[in-house]
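The values are calculated or read from the model by the stated rules, or taken from the named source; none is laboratory data. All figures in this text were calculated on a predicted structure; none of them were measured in a lab. Backbone-built Cβ (ideal geometry, glycine too); neighbour counts: all protein chains shown. Just the protein is used for accessible areas: all its heavy atoms, side chains included, with ligands, DNA and RNA removed. Shrake-Rupley method; radii C 1.70, N 1.55, O 1.52, S 1.80 Å.
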Amino acid sequence: MASVHGSSNDPNVAGVDGANTNGGAGIWGVSPKGRGVVGVSDTGVGVWGQLKQGRAIVGAVDEEGTGVWAETKKGRALVAAVNGNEESTAVWAETKKGRSIVGLATNEGVGVWAATRKGRALVAVVDGDEESTAVWAETKKGRSVVGLATNEGTGVWAETRKGRALVAVVDGDEESTAVWAETKRGQAVVGIVGGHGDAIAGTANDSGSNGIFGRNNATSRAPAGGPPVGNGVFGYTEVPNASGVVGAVAGGNTEGAGVCGIGPVAGRFFGDVVVTGDVVVNGDVKLVGADLAEHFATADPVSVEPGTVMVIDGVDRVRVSESAYDRRVAGVVSGAGEYRPGVVLDHQGEAAGRQALALVGKVYCKADASFGAIEAGDLLTTSPTPGHAMKADDAARSFGAVLGKAMAPLADGTGLLPILVTLH
């Protein structure tokens with residue numbers, strides 16, 4: 001027999017009414033094992049808690065059980081609202097093992113409805129190490145979970161050490177929402193798993209739907225110079241050898257894509273892009289880099305720096321040039337000045353002693369004008385100055401030893417010169 005029992009046949013009269021106008025809990029239910037708070041209604045609200053400050057509904061179970069259980073055939077199974085501006089929690093449910101909050105709307109309705117102006121609309125915590133579910137909400141039609149924070153706060157907070165932080169199920173065929181969380185400032189949904197498991201998991205069983213959908217409706221430009229913001233979906237990880245966002249398709253799916261980008265700029269990357277398979281392009285490829293480079297082993301990597309002229313020193317091996325009109329000229333070490341390589345072939349990561357050598361395109365090159373002033377358009381070749389190019393003014397010796405063309409003049413001395421690499 002329950003310690004407190006209330007029943008009513010009047011739809012306008014609550015079976016149990018709990019109110020606190022001085023900063024306490026509207027309804028507080030504690031049980032060593034079982035269900036802390038249970039509310040069942042055929043057409044109305046299973047559990048309703050409302051106050052200005054504090055915790056509207058608190059359900060705690062020390063052992064295995066359910067902190068708050070609310071069920072209705074139609075309407076809202078569990079409703080909790082905190083109207084005050086102070087930080088408060090509309091629903092707080094905690095258990096060591098089991099389900100902290102269960103809200104069931106067996107027909108059309110809302111499994112759990114929680115709202116607050118500031119603070120956390122819904123908090124569910126499972127402290128035990130066993131597999132448990134912090135929030136379980138289910139409905140055949142409607143919204144399983146709704147969490148509203150109309151000011152700064154969190155719509156839904158669910159936490160577990162092992163198991164599922166939040167489970168929301170809609171069984172009906174009608175268009176419904178499993179989880180609806182809204183806030184004017186803060187985080188609408190927070191899911192934390194302290195052990196093994198997924199903080200938030202989304203599964204769609206319809207080919208016309210998405211497992212997880214993220215949208216940002218703002219029209220102003222995102223602030224520059226700070227962390228990435230304004231995104232539909234943002235993923236971040238500190239795990240070595242992992243990724244911020246991962247997309248995958250089934251092994252036999254030859255028409256799908258792991259990651260798809262749509263728009264005038266379908267993809268943007270800040271940093272290196274590593275591809276281990278074929279690259280199929282059906283359209284233009286726009287590269288912001290200036291040259292086509294390829295990795296080579298270097299004979300003396302300590303003395304090699306960007307802009308250095310290199311010559312062949314064996315298979316997949318180069319060294320610093322040191323003689324005039326050397327027909328073994330291979331290219332210029334990429335990366336000097338304001339130019340960076342657009343494509344790097346035979347990239348082997350950060351392998352020691354390997355350099356990206358510009359073979360085609362624009363690059364800054366070390367040049368020596370003491371063998372003749374260099375003008376824009378002059379052919380360039382290797383010089384006696386190690387790692388430097390010079391003007392090629394001997395046509396007979398230049399054949400096979402031309403490095404490229406100067407794009408700017410160098411009247412005297414040595415310096416970095418922008419050139420167009422055209423080996424011939």
- [ ] Restrict the search to segment 155-198; then list the GluC sites (Glu not before Pro) that DSSP places in a loop and that have at most 15 other Cβ atoms within 10 Å of their Cβ.
- [x] 174, 175
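Between residue 171 and residue 373, what is 0.36 nm times their sequence separation minus the Cα-Cα distance? Round to one decimal in nm.
Using 0.36 nm per residue and subtracting the Cα-Cα distance, I get 64.6 nm.
Which loop-located trypsin sites (Lys or Arg not before Pro) does segment 320-424 contain, where loop means any DSSP state but H, G, I, E or B and the Cβ has at most 16 other Cβ atoms within 10 Å?
In loop regions of segment 320-424 (DSSP not H, G, I, E or B), the sparsely surrounded trypsin sites (Lys or Arg not before Pro) are 327, 328.
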Open item on the list: Show me the chymotrypsin sites (Phe, Trp or Tyr not before Pro) within segment 257-347 that DSSP assigns to loop and that have at most 11 other Cβ atoms within 10 Å of their Cβ.
Closed with: 269, 270
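Full extension from residue 273 to residue 200: what is 0.36 nm times the residue separation minus their Cα-Cα distance, to one decimal in nm?
Full extension from residue 273 to residue 200 adds 23.5 nm.
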TODO: With all protein chains present, calculate the accessible area of residue 312 using a 1.4 Å probe and round the result to the nearest 10 Å².
DONE: 90
TODO: Evaluate the relative contact order of segment 296-424 (contact order divided by residue number), counting alpha-carbon pairs under 8 angstrom at least 6 apart; express in whole percent.
DONE: 27
Task: Pair residue 257, residue 83: separation of 7 Å Cα→Cβ label points (nm) - done: 5.2
Open item on the list: Need one number: nm distance between label points at residue 327 and residue 315, each 7 Å from Cα along Cα→Cβ, rounded to one decimal.
Closed with: 2.2
Task: Gained length - residue 407 relative to residue 152, 0.36 nm times residue gap less alpha-carbon distance - done: 86.0 nm
Open item on the list: Compute, for segment 132-214, the length of the dipole vector about the Cα centre, with Cβ point charges of +1 (Lys, Arg) and -1 (Asp, Glu) only. Units Debye, rounded to 20.
Closed with: 320
